Amino acid sequence: MDIKSTAIAGTLESSDIQITISKGSNGVEIELDSDVKKQFGDQIEKVITETLNQFGLTDAKIKAVDKGALDCVVKARTLAAAQRATDTVDQPAWEVL
Amino acid sequence: MKNSVNREIPDDLMKKYDYEGFKTTEIGNPEIQRVAPKVHVSTGDNKVVDSIKDVVKETVKDGMTISFHHHFRNGDFVFNEVMREVIDLGIKDLTLAPSSLTGVMNDMVIEAIKAGTITNITSSGMRGSLGDFVSHGGLKKPVIFRSHGNRARAIEHGDIKIDVAFLGVPNADKLGNANGMEGDAVFGSLGYALMDAQYADKVVLLTDNIKSYPNTPASIKQTQVDYVVKVDKVGDPDKIGSGATRFTKDPKELKIASTVNDVIVNSPYFKDGFSFQTGSGGAALAVTRYLRQAMIDNKIKASFALGGITKPTTDLLKEGLIDRIMDVQDFDKGAAESMHTNPKQQEIDASWYADPDNKGAMVDQLDVVILSALEIDTKFNVNVMSGSDGVIRGAIGGHQDAATGKLTIISAPLVRGRIATIVPDVTTVVTPGDSVDVLVTEYGIAINPKRQDLVKALSSLPGVPVYHIEDLQKMAEAKVGKPKPLEFTDRTVALIEYRDGSLIDAIREVKD
């Protein structure tokens, strides 16, 4: 699957995460900004990478601004951003969730 | 060594500062010797001066201990004005011993540490940039954190020997009779500052409002004061306390508050003449509202309310639902005003409030206490000092002191964002689990197994599920996941005393 354009999902509200996804060529590269990076940074990056891989994306640049989101939110926002970036919003990838 | 709450306390520092590890919450009946201040005799004329610099030059020497109070909170002008002069005069190696440090003081403290002006700190707490600075090893010697009651104890014992106290007041006469209730920057009770006024060798008042002599009511007395400095403004009234108290609309806080109320009302302590202390957070204020209704419905009146006072509490006094308020600190204008006008609201000093080494402190008479927590663990130990990232960002306040009440309730949400409030082990033990009785969350309550009487009294309340605290901890972890353990260096940046002066925990430098 190809990223056609840069896309964004999520807000900067408490307990949300904002994911911006754009084209990459060197695996999934994540730039994470989070107040809980020390405790949950690895986990957040793992969930983003796994969600993208399951969706079929192996190369992407991600900017993630986390406001304390739980894993389910990280997953949902990542998938929404990925579908917007690949222009596939009319074919929801339910199986990834 | 490990102390009785299983915390590793650095042996070298225990030896260096002559500490014992925390053993028990029981104080017993020891005999202690109090200290007395040096008095520079004068008839009291010529105390008024108009230069902070001259007074600092005259009184403060290298290596001394100086103190301030924090009753102006974030509206404080006095601390920064005095410290500016102290730094600029090139004075070194001071111990800073304020009743607490507020955000508005942070930059100045950091500057003073960097300049070598301040090399030791003891405080109730610190937050923001200063907490970050200390947690990253900015101060060579460990900060010593003490509760309000413990600070009073330490001053009376001579553990804290204050050479010069700089105390801002909204009014004073030319000899130093002063109170916290009249003027532009009023804050009500002078509770914490009264210790400094009584025990410091030199007492310097700073005020923007010189009253005709003699000024009454005199909380601080002319017999205690060496200098009265006239300044332009002691503080910003708008930043001293919250203005009008707003009740929370947060459904989670309301749920916690109504459950706290259920616990109180169904405990054996809810009877005519009971006493209580609440905090100033959203949930605590809401508890006061629920409690008011329960008191009216059950025709029960309280003998006294204690601690940091807010307007909702003074409203109960006015209504006749509370007989007395014992007031060490006022959190808002309404409470401060009430202390001025209502003789049933008694100003008390920190020793009377909470000093364990006393002939009876108010906290010893307390029935019901509602306290908050950054973290609470499965042993009911509470942390109000370090954040989930290990960085200092809190204050003991009266937490350890009030927790000795007969029914100590910790009100806290199960999780805050992605951070669990209920954890297997708190980052820093401030209040030992032995003095905590009930934890109230929005999901239900947990009762300390040491209190089987409460287990019996509270186990079948409709709408109040009772859990083992381990189950609440697991519930929290299932929501947020398991955090990666924090990393610290071996270096100790702060020591936490229990209220009896023993060491309950140490905070180490964070590894970034």
Next on the checklist: Just checking, does region B:475-491 include any residue being closer than 17 Å to B:Ile410 by Cα and either in contact with a helix residue (DSSP H, G or I) (Cβ under 9 Å, 6 or more places away or on another chain) or away from every other protein chain (no Cβ under 14 Å) (or both)?
Outcome noted: no
Item to check | Sole exception among (1) among the acidic types (Asp, Glu); (2) over 11 Å from B:Ser189 (Cα atoms); (3) not in a strand (DSSP E or B) for B:Glu337, by number | outcome: (2)
Checklist entry - Right, B:Ser99: in the same structural domain as B:Val164 (by TED's automatic domain parsing) and under 19 Å from the mean Cα position of the chain (by Cα) or not? => result yes
Checklist outcome for this item: Just one listed residue, out of B:Thr431, B:Thr441, B:Thr427, is more than 22 Å from B:Thr122 (Cβ to Cβ), among the β-branched types (Val, Ile, Thr), crowded, with 18+ Cβ neighbours inside 10 Å and in the same structural domain as B:Ile409 (by TED's automatic domain parsing), and it is B:Thr441
Next on the checklist: Can you pull out every residue in region B:71-88 that is of a type outside the set (A, V, I, L, M) and under 21 Å from B:Gly397 (Cβ atoms)?
Outcome noted: B:His71, B:Phe72, B:Arg73, B:Asn74, B:Gly75, B:Asp76, B:Phe79
Checklist entry - Identify, please: which residue in region B:25-62 is farther than 22 Å from B:Glu85 by Cα and charged (D, E, K, R) and is, among those, surrounded by the fewest Cβ atoms within 10 Å (Cβ to Cβ)? => result B:Glu31
Item to check | region B:464-499, residues that are polar (S, T, N, Q) and surrounded by 18 or more Cβ atoms within 10 Å (Cβ to Cβ) | outcome: B:Gln473, B:Thr492
Checklist entry - surrounded by fewer than 18 Cβ atoms within 10 Å (Cβ to Cβ) and not in a loop (DSSP other than H, G, I, E, B) - does that describe any residue in region A:78-87? => result no
Checklist entry - Can you tell me which residue in region A:7-46 is nearest to the other protein chains (Cβ to nearest Cβ), limited to those that are more than 13 Å from A:Arg77 (Cα to Cα) and assigned to a strand (DSSP E or B)? => result A:Ser34
Next on the checklist: Considering only residues that are assigned to a helix (DSSP H, G or I) and within 14 Å of chain B (Cβ to nearest Cβ), which ones fall in region A:51-76?
Outcome noted: A:Asp71, A:Cys72, A:Val73, A:Val74, A:Lys75
Checklist entry - Is it true that A:Ala93 is surrounded by 19 or more Cβ atoms within 10 Å (Cβ to Cβ), more than 12 Å from chain B (Cβ to nearest Cβ) and out of contact with any Pro (no Cβ under 9 Å at 6 or more places or on another chain)? => result no
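Residues are listed down the side, and each one gets a yes or a no for (1) buried (at least 23 other Cβ atoms within 10 Å of the Cβ); (2) under 28 Å from B:Glu182 (Cα atoms); (3) more than 21 Å from the chain's Cα centre (by Cα):
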| position | (1), (2), (3) |
| --- | --- |
| B:Ala302 | yes, no, yes |
| B:Thr313 | yes, yes, no |
| B:Ile322 | yes, yes, yes |
| B:Asp327 | yes, yes, no |
| B:Lys379 | no, no, yes |
| B:Ser388 | yes, no, no |
Item to check | All positions within region B:242-257 that are crowded, with 18+ Cβ neighbours inside 10 Å and at pLDDT 90 or above | outcome: B:Glu253, B:Leu254, B:Lys255, B:Ile256, B:Ala257
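The values are calculated or read from the model by the stated rules, or taken from the named source; none is laboratory data. Since the model is a prediction, treat every value here as computed from it, not as a measurement. In this analysis, Cβ positions are derived from the backbone assuming ideal geometry, glycine residues included, and neighbour counts consider all displayed protein chains.
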